[in-house]
Structures are given as structure tokens and as C-alpha cells.
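**Student:** Dumping the structure here so I can ask a few things about it.
Only the coordinates and a few stated rules stand behind these numbers; no lab work does. Everything numeric in this text was worked out from a predicted model, so none of it was measured. A quick note on method: Cβ atoms are made from the backbone with ideal geometry, for glycine too, and the neighbour counts reach across all protein chains shown.
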Amino acid sequence: MTWATPDWYGLLLLAGAAYRCWLLLAVDDISAPARARLGERVSGWLDCPWCAGAWLSAGWWIAYQLSPRWCLFVAVPFAVSLLVGWAARL
């Protein structure tokens, strides 16, 4: 198997998508009820950007290895929504 290596744009998309997924799971209000049901042990793990971020990044990386074009296609909306959120805070 040959490993796919993203260019700088693909790497930014993957990083932005992983970060946005972490925000959705650990920070955003929409996932608060699910975090409350999961309990302190799981939500404490999700709150850590280093812990959850490593696993989410690994998931995006594996998806990229399986299908680079499809993975980046899916990553774009997550990365764009991250930029929209940042712009709204300004």
C-alpha cells in the first residue's frame, strides 16, 4: 500500500475538519445533552483537545488514506464552517 500525502491545502482542510469536529463534540451547545448523558468520564476526555484531537485527527487521516478525494470533499464543509465561526466571533 502506498501512503497518500496531502499537499498544504489538503493538510489545512484535514486539520480544520478535525478541529471543527472537536468543537462540535466538546464545546458546541448542540452536543451538550449528549455529553451530559455520557457522563463525566467521557465528557472529560472530549474536553481535552490533545486527547480527543489526536483520535479525531487519526480518523481523518485514515479516511484520507482510504480515499483522498472523497475525504477532502467531506472535509471542506467542516473547514469552511470553522472559518465562518471564527469570522462571526470577530
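**Student:** Scan region 1-19 for residues that are within 20 Å of Phe78 (Cβ to Cβ), in contact (Cβ under 8 Å) with a residue 60 or more places away in the chain and outside any helix (DSSP H, G or I) and jot them down.
**Tutor:** Hits for region 1-19 are Ala4, Pro6.
**Student:** Do you know which residues across region 20-41 are in a helix (DSSP H, G or I) and surrounded by 13 or more Cβ atoms within 10 Å (Cβ to Cβ)?
**Tutor:** Arg20, Cys21, Trp22, Leu23, Leu24, Leu25, Ala26, Ser31, Arg35, Leu38
**Student:** Being of a type outside the set (Ser, Thr, Tyr) and surrounded by 16 or more Cβ atoms within 10 Å (Cβ to Cβ) is the filter; apply it to region 42-60 and report the residue that is nearest to Leu12 (Cα to Cα).
**Tutor:** Among those residues, the one meeting the criterion is Trp60.
**Student:** Return yes when Gly44 is closer than 25 Å to Asp7 by Cβ, part of a helix (DSSP H, G or I) and of a type outside the set (Phe, Trp, Tyr) and no when it is not.
**Tutor:** Judged against the criteria, Gly44 is not a match.
**Student:** Restricting to region 1-29, name every residue that is small (Gly, Ala, Ser) and farther than 16 Å from Trp55 by Cα.
**Tutor:** Ala4, Gly10
**Student:** Within region 65-84, can you find the residues that are closer than 11 Å to Leu13 by Cα, over 11 Å from the mean Cα position of the chain (by Cα) and of a type in the set (Phe, Trp, Tyr)?
**Tutor:** Matches in region 65-84: Phe73 only.
**Student:** Report whether or not Val80 is among the aliphatic types (A, V, I, L, M), exposed (fewer than 14 other Cβ atoms within 10 Å of the Cβ) and part of a helix (DSSP H, G or I).
**Tutor:** no
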